[in-house]
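The values are calculated or read from the model by the stated rules, or taken from the named source; none is laboratory data. Because the structure is a prediction, the values reported are computed rather than measured. All Cβ positions, even for glycine, are placed from backbone atoms using ideal geometry, and neighbour counts span all protein chains on display.
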Amino acid sequence: MGKKINLTIDGKKIQAMEGDKILWAALENDIYIPHLCAMKEQQQSPFAGCRLCFIEIEGKPRPVAACTEPALEGMVVNTRSESIDRLVEAGFNLIMSNHHIDCKICAASGACELQKIAKERKIRLKPKKLVQLDRNLPKDHSKDCIIYDPNKCVLCGRCVTACRTEGTAVLGLAYRGFERMVTTFGDIPLGETDCSGCGSCANVCPAGALIETDN
Amino acid sequence: MSNKSTAAATAFEQLKQKAAGTWNTLRDKPLIMVGAATCGRAAGAQDITKVIRDELASRQIEATVIEVGCMGHCYAEPLVLIQKPDNPTICYGYVSEGLASMLVREFIAGDDPCIEFALAAMEVNDFIPTFEDFPRGMVEKKVVMQHCGIIDPENIDHYIANGGYEALAKAIDKSGEEVVSEIKTSGLRGRGGAGFPTGVKWETCRQFKEDVKYVICNADEGDPGAFMDRTLLESNPHQVLEGLALAAHAVGASKGYLYIRAEYPLAVERIKKAINQAEESGLLGESILGTDFNLTLEIFQGSGAFVCGEETALIASMEGEPGIPRHRPPFPAEAGLWGKPTVINNVKTLSYIPHIIRKGADWFRETGTPDSPGTAVFALAGKVINTGLVEVPMGVTLSQLVYDVGSGIDGGKQFKAVQIGGPSGGCLPESFLETAIDFDSLNQAGAMMGSGGMVVMDEDDCMVEIARYFLDFTQNESCGKCTFCRLGTKQMLEILERITKGEGALEDIDTLLNLAKNVKTGSLCNLGKTAPNPVLSTLKHFRNEYEAHITEGRCPSLMCLNLIAYYILPDKCERSCDACIGSCPVESIFSNEDRIKVVDQEKCVKCKSCMDACPPQYSAVVKLSPPELVQEKENDNG
Amino acid sequence: MKLTNEEKTAAIETSQRILSNYNQEKGSLIPTLQQIQNELGYVPSPAMEVVADHFNVMKVDVYSIVTFYNQFRLTPPGKNQVKVCMGTACHMRGGNIIMDSWKRRLEIDCGETSEDREFSLDRVACVGCCTQAPVTVINEEIHAKVTPTRVEGLLYAYQLDKDKENKKAGEDN
């Protein structure tokens, strides 16, 4: 490691550290690729769940996720093309069909990663052809300083990692399939757990599902 | 080297002689074999065994009774094979307790083989046809199923006496590299679904110079309607173990696991016994056959998650995690269980290995097609007359499977489609009946070999409903990690549910196609990537059925409950009979002033009981679609 | 569903006994949970806490496993466990109609246990008896070719058995 390599992304010649994934090479060179679940500390074993960072690499037949592909010397990458844009939009639409949209009163509005993606890629926030898949789960107000609204969660898993590195490891991902959710042991409210209220989960939440309050 | 070779060969020769002794003495007196795999047991095989034992005891007849596995003729369960000196071995089907005691009385005690109840003979003779004489027998070619149902799965000697463990004894003196190269030359492709070349997988794993490597047998057969892995584990467990041992020798592993689905308790029990026996015989464990090759095998039971059939999810669950797939690469052959190089092969794939090593790659290539050599095992279910398991050469046609093996469609109905490959596969219509089946032709046709589950459908099966069923399955089994699979399949399911309820719109079809395409491209693992196949293939071949649901509110196959109504034809109702009234679980049928029976549509739960209860000579109960037709009919009748 | 104190104690004691046969390697985590499920019929919270402690993992990670796999139950099963097969062959022969019949008769949804804990209703993905479709498994017994009227019959038979038992118990007292 530590060696620099050269590659081209969207026609721009850039340098990256050998071993870095393309997503981070791009982001660090001001080329935006939509992403929700990626965390640089974990780039060697990426979560690869949000499926938004699709790119095309010349010589590869299919789109690949930028968070899982290592940047290699001489590589030519495109982050935009008709088919990539369509795939990313489809993924984003799916996420939004399961995200409770209330931007007007949402505390995360303005700092929200979903809004950013919508703006960058010119995608409507509310998908047109899909039904809204609301689960109507109760909001958790039990902790003074944190509000958790599972209906906004995009299951990126970043809060779970943050809770383990900086907090008291009360958060986890449980259940399966459409029922999957960020939760605590036995689904008990945060206020009844060992949660220290450090707020690191809210800091990394891209979607306003975990919000730190002033209390 | 030559010393070692002698040691292993000598050790094995001794085992072989002992096994031959056991096997040959079986022929000294009458031998009765009862098919007692899970399918046989469900049909009452254990009661049959008891009846036979009691009957023999009460007559004080010397005979051996053993429980064997499954020959694949599941339609005729319970099966009994009788081998009596000076007679051909005869197979009897549909054996009831009465027939079982009669066979003991007439054939074992007496001299009458009761030919009229025989399904077929196992060897050529003058009076009873063999299985090979039937259309099924002409298509069938047994390799991995060769000994299923005719040896005692709980007796290692039976396996050894039939050529078992010879491949291991032969390979143990060769280098792992030679074994890998033989498998590569054979062109064997993984039978778990995708058809990846087994030899290439092994070679990758072998290349890694690591002290610890693992081999895993993937027996997490989760495809609803497929049970060939279960049958192989239950009927010939040693064949799988030998395959796994050969894999371990080839790649240089000394620890192996069998990952078996929790729903298969009998398979677990038989594999456990088989491992113990093989260890006692020096065919597993420390210094196998006196060489420096060690291999310990362990069973890991699955906990009920279809996604664990995916290699990386399977590994995650063995490591004490939820079965959630990881990004590949690295592939398990490079970094698998606990980060070590790991070969994962399906039960069927491993079962072929001993045969290939024993008879050679060229022998294997003689069967099948150039790109998909060998045979395939299919579980034939659905609306065919003869359901069951069958092993056929790759390259047979669908029509041979449906008509020659399955004996055609049940009840004189019209063939509609074959669903191959389960939740990852697709539905193929009549025009594909003459298509030769192998890995590649199925992929091109929009289906998939998958695990080999094959469900035949007739005119009464709604293709939209089938697509909905499989989507419901994958959606339920999605791990929930990635966006496309978790939400994409859910959105698709929502649309399909709307359509089967008659609430769909024509533009839903386009949305469905788009979702399908994106879920295929965008999903992280193969569960998601293949989940849209049932929808895509039915949309391609049966779009008219989707349209009938949407535009006419009609289910052409009269299957979708929301779009049908049960109606009693007044001119056919035999007034004085009230079979339907008694059968209705919700009291929705009443008698009108003319004593004609009428269904109260508000109360009816559409359970079909009345239709089944109505005596066939009247056949007064019919299904109507769209349900509004009931009103029309009632108006017509004044 | 609230656990009684006896249930809590049983859960902890059973788990500890099972765990005493296992080392702390994480590969044994799921086999341990399976054994607890086999003995208790479900995996209650106190058991999960004991397991988490033994393997030195977070409680929520054990919860994550138990909620992920079909095999594990969080609530005690009914005295009679009704499992309706939802495999392809059963589905095509009306498995969903049979499921509806059970739901209607037991007045519970799939995955639930009746108020009196007599019955629980679950779906299973193929028990491999496709030729006998549609199939319902009650406790360990496989019932082949089930119809809605057969559902009534099976329940009636259970009711009769129970009445007999109650009567016998009454007489014994």
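Observations on the model:
- One residue stands out among those in region B:450-489 that are of a type in the set (A, V, I, L, M) and in a helix (DSSP H, G or I): the one that is surrounded by the fewest Cβ atoms within 10 Å (Cβ to Cβ), which is B:Leu471.
- Given (1) touching a strand residue (DSSP E or B) at 6+ places or on another chain (Cβ under 9 Å); (2) in contact (Cβ under 8 Å) with a residue 24 or more places away in the chain; (3) over 29 Å from A:Glu89 (Cα atoms); (4) part of a helix (DSSP H, G or I), number of the condition B:Leu442 does not satisfy: (2)
- Any hit, region C:76-84, residues being within 11 Å of chain B (Cβ to nearest Cβ), buried (at least 16 other Cβ atoms within 10 Å of the Cβ) and closer than 30 Å to B:Cys607 by Cα: yes
- Note on region B:528-638: enclosed strands (runs of 3 or more DSSP E) holding 3 or more residues that are touching a helix residue (DSSP H, G or I) at 6+ places or on another chain (Cβ under 7 Å) and on the phi < 0 side of the Ramachandran plot are B:565-568.
- Where A:Val170 falls short, out of the listed (1) in a loop (DSSP other than H, G, I, E, B); (2) under 22 Å from the mean Cα position of the chain (by Cα); (3) more than 7 Å from every other protein chain (Cβ to nearest Cβ): (3)
Residue-wise test of (1) away from chain C (no Cβ under 14 Å); (2) buried (at least 24 other Cβ atoms within 10 Å of the Cβ).
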{"position": "B:Glu166", "(1), (2)": "yes, no"}
{"position": "B:Thr185", "(1), (2)": "yes, no"}
{"position": "B:Phe196", "(1), (2)": "yes, no"}
{"position": "B:Thr204", "(1), (2)": "yes, no"}
{"position": "B:Val212", "(1), (2)": "no, no"}
{"position": "B:Ile216", "(1), (2)": "no, yes"}
{"position": "B:Glu234", "(1), (2)": "no, yes"}
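- Test: residue in region B:26-34 that is surrounded by 16 or more Cβ atoms within 10 Å (Cβ to Cβ) and either part of a helix (DSSP H, G or I) or assigned by TED's automatic domain parsing to the domain that holds B:Lys170 (or both): no
- Test: residue in region C:49-56 that is in contact (Cβ under 8 Å) with a residue 12 or more places away in the chain and touching a strand residue (DSSP E or B) at 6+ places or on another chain (Cβ under 7 Å): no
- Whenever a residue of region A:49-65 is more than 12 Å from every other protein chain (Cβ to nearest Cβ), its partners that are surrounded by 24 or more Cβ atoms within 10 Å (Cβ to Cβ) and not β-branched (Val, Ile, Thr), lying with C-beta atoms within less than 9 angstrom and at least six residues away or across chains, give the pairs A:Ile55/A:Leu23; A:Ile55/A:Ala26; A:Ile55/A:Ala65; A:Ile55/A:Ala66.
- At least 2 residues being more than 14 Å from chain B (Cβ to nearest Cβ) is the threshold, and among the helices (runs of 4 or more DSSP H) wholly inside region C:10-73 those reaching it are C:29-40, C:45-55.
- When A:Arg86, A:Arg164 are screened for being under 30 Å from C:Phe72 (Cβ atoms) and either not assigned by TED's automatic domain parsing to the domain that holds A:Asn203 or not in a loop (DSSP other than H, G, I, E, B) (or both), only A:Arg164 passes.
- Residue among A:Gly167, A:Gly186 that alone is on the phi > 0 side of the Ramachandran plot and either of a type outside the set (Val, Ile, Thr) or at pLDDT 95 or above (or both): A:Gly186
- In region C:92-113, the residues that are within 30 Å of B:Glu459 (Cα to Cα), within 9 Å of another protein chain (Cβ to nearest Cβ) and in contact with an Asp or Glu (Cβ under 9 Å, 6 or more places away or on another chain): C:Met92, C:Ser101
- Within region B:469-485, residues that are facing chain A (nearest Cβ under 7 Å) reach partners that are of a type in the set (Ser, Thr, Tyr) with beta carbons closer than 6 Å, at six or more positions or on different chains, in the pairs B:Gln475/B:Thr489; B:Ser478/B:Thr489; B:Cys482/B:Ser523; B:Phe484/B:Ser523.
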